[in-house]
Amino acid sequence: MAILQGGRIPQKLIPIRKDKNQPNAVPTNADLTRFLERRRAQELGFELPMNTEEAAAYVGYHPKTVERMARMGEIPAHPVSGVRRKTWKFFPSELDAWLRSKVNSRRYPCSPDGKDSID
């Protein structure tokens, strides 16, 4: 899979830190480095854990909601001791499986052959 399209990294694949004062934020060097590390790890066959902000963007919740759900054990998360408080790491494959387990749709089943539909 090519990372660059026409010599540029696709904007939708780069996690961007949003600032309230700058609605059109530009990716920082840290964002680009994290993106390239994640792509390189994917090419090598393993995945890097996501932080709370990345996991929140992945599942579509607010970061505070994701932290609360992690504390209560409602979402797959791995605690990591921080300096001042406990932080959480999330693996994309675990979040994807968790999201798929939440889907209950006859029209759009999770499995490609439609075996988990209720027809």
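The values are calculated or read from the model by the stated rules, or taken from the named source; none is laboratory data. In this text the structure is predicted, and so the values were computed from the model without any measurement. With ideal geometry, Cβ positions are generated from the backbone for all residues, glycine too; neighbour counts draw on all protein chains shown.
On the stretch given as the stretch 43-58, residues that are touching a Leu at 6+ places or on another chain (Cβ under 8 Å) and assigned to a loop (DSSP other than H, G, I, E, B) total 0. Mind checking whether some residue in the stretch 12-35 is surrounded by 12 or more Cβ atoms within 10 Å (Cβ to Cβ), closer than 19 Å to TRP88 by Cβ, of a type outside the set (Lys, Arg) and modelled with pLDDT under 85? Within the stretch 12-35, one or more residues are surrounded by 12 or more Cβ atoms within 10 Å (Cβ to Cβ), closer than 19 Å to TRP88 by Cβ, of a type outside the set (Lys, Arg) and modelled with pLDDT under 85. Within the stretch 59-85, the set of residues being assigned to a strand (DSSP E or B) and in contact (Cβ under 8 Å) with a residue 12 or more places away in the chain comprises HIS78 only. Evaluation of GLY45 against the conditions (1) more than 16 Å from ALA97 (Cβ to Cβ); (2) out of contact with any Lys or Arg (no Cβ under 9 Å at 6 or more places or on another chain); (3) surrounded by 10 or more Cβ atoms within 10 Å (Cβ to Cβ); (4) not polar (S, T, N, Q) shows that the sole unmet condition is (3). If I filter the stretch 70-83 for residues that are in contact with a Phe, Trp or Tyr (Cβ under 8 Å, 6 or more places away or on another chain), crowded, with 17+ Cβ neighbours inside 10 Å and of a type in the set (Gly, Ala, Ser), do I get at least one hit? Within the stretch 70-83, one or more residues are in contact with a Phe, Trp or Tyr (Cβ under 8 Å, 6 or more places away or on another chain), crowded, with 17+ Cβ neighbours inside 10 Å and of a type in the set (Gly, Ala, Ser).
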